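These notes are about the structure you will find just below.
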Amino acid sequence: MRLWALDAPGSREYCPGTMKLFIDSAEIKEIEAAARTGLIDGVTTNPSLVAKAGVPFETLLQRICELIDGPISAEVTELQADGMVTQGRKLAKLNKNIVIKLPLTWDGLKACRTFTDEGIKTNVTLCFTAVQAMMAAKAGATYISPFVGRLDDIGQDGMGLIGDIRQCYDQYGYKTQILVASIRHVDHVRQSLALGGDVGTLPYKVFQQLLSHPLTDSGLTKFMEDWKTAKLG
Ligand code: G3P
């Protein structure tokens with residue numbers, strides 16, 4: 001059951017039990033460092049990130065699965081539904097945590113329905129409208145990935161899309177989880193929390209910034225100085 005707290009007439013604030021945090025990376029060093037915090041729930045990759053990492057895809061996925069016991073998105077590179085299904089089934093066999101990432105195309109959604117019927121989890125990616133998100137939900141997607149940063153880049157309202165999808169999914173009872181992607185800064189994370197995103201997938205750089213606040217740093221410095229000066233323990 002979703003819980004909403006009314007904070008002002010006409011507005012609502014989503015009160016989630018949890019918003020999961022994924023790392024959006026294919027760099028083993030970054031994933032290792034994030035995993036060491038014990039605060040990472042999963043990993044998303046895409047063909048560009050994997051190409052940049054330069055490690056053979058299946059080897060990379062196996063290594064990531066050793067580091068994080070949670071959903072690991074692996075994107076297909078075939079463009080026709082049949083090819084996506086063949087490639088996805090092979091990837092899904094690598095580990096129980098592999099989630100097959102599919103593009104938001106007719107073929108992607110056709111493959112999505114096949115995977116859903118086979119009990120294989122999916123992440124439908126490259127979502128830029130609430131109507132696309134509705135179609136992915138109808139295909140049984142486990143996750144929908146709206147790209148907020150790329151919408152901001154072209155002068156559109158990335159986070160507005162998250163609110164629209166949340167409203168659509170709640171209104172009609174779609175179970176697909178909103179995985180906020182293309183996050184560029186910590187304020188995207190804050191807005192995801194306020195709007196009821198189910199998951200935020202963060203570049204490692206943004207993950208590192210999550211705790212940063214100048215008043216936290218200066219406050220701790222002052223506490224330590226006062227403690228040292230008092231010589232009480
Ligand atoms: O993995 C998908 C998404 O997060 C890509 O982000 O920064 O390339 O728009 P970006």
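The values are calculated or read from the model by the stated rules, or taken from the named source; none is laboratory data. As the structure is a computational prediction, the values presented were derived from the model and not from experiment. Note that each Cβ is placed from the backbone with ideal geometry, even for glycine, and that neighbours are counted across all protein chains shown. The accessibility values were calculated without ligands, DNA or RNA, using every heavy atom of the protein model including side chains. Shrake-Rupley method; radii C 1.70, N 1.55, O 1.52, S 1.80 Å.
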Give the number of residues within the stretch 189-208 that are within 11 Å of the ligand (Cβ to nearest atom), over 18 Å from T142 (Cα atoms) and within 12 Å of the chain's Cα centre (by Cα).
2
Could you figure out which of (1) touching a residue at least 40 places away in the same chain (Cβ under 8 Å); (2) open to solvent by 40 Å² or more (accessible area, probe 1.4 Å); (3) outside any helix (DSSP H, G or I) isn't true of E30?
(3)
Kindly provide the set of residues from the stretch 42-86 that are assigned to a helix (DSSP H, G or I), more than 16 Å from the ligand (Cβ to nearest atom) and within 19 Å of Y143 (Cα to Cα), ordered by number.
C65, A81, M84, V85
Residues in the stretch 35-54: is at least one of a type in the set (D, E) and surrounded by fewer than 17 Cβ atoms within 10 Å (Cβ to Cβ)?
no
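Residue-wise test of (1) in contact with a Phe, Trp or Tyr (Cβ under 8 Å, 6 or more places away or on another chain); (2) within 13 Å of the ligand (Cβ to nearest atom).
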| position | (1), (2) |
| --- | --- |
| V131 | no, no |
| A136 | no, no |
| A141 | no, no |
| S145 | no, yes |
| R150 | yes, yes |
| I154 | no, yes |
| I162 | no, no |
| Q171 | no, no |
Can you spot a residue in the stretch 117-135 that is open to solvent by less than 50 Å² (accessible area, probe 1.4 Å) and among the aromatic types (F, W, Y)?
no
Look through L91, L79 and report the one residue that is of a type in the set (A, V, I, L, M, F, W, C), modelled with pLDDT of 95 or more and surrounded by 15 or more Cβ atoms within 10 Å (Cβ to Cβ).
L91
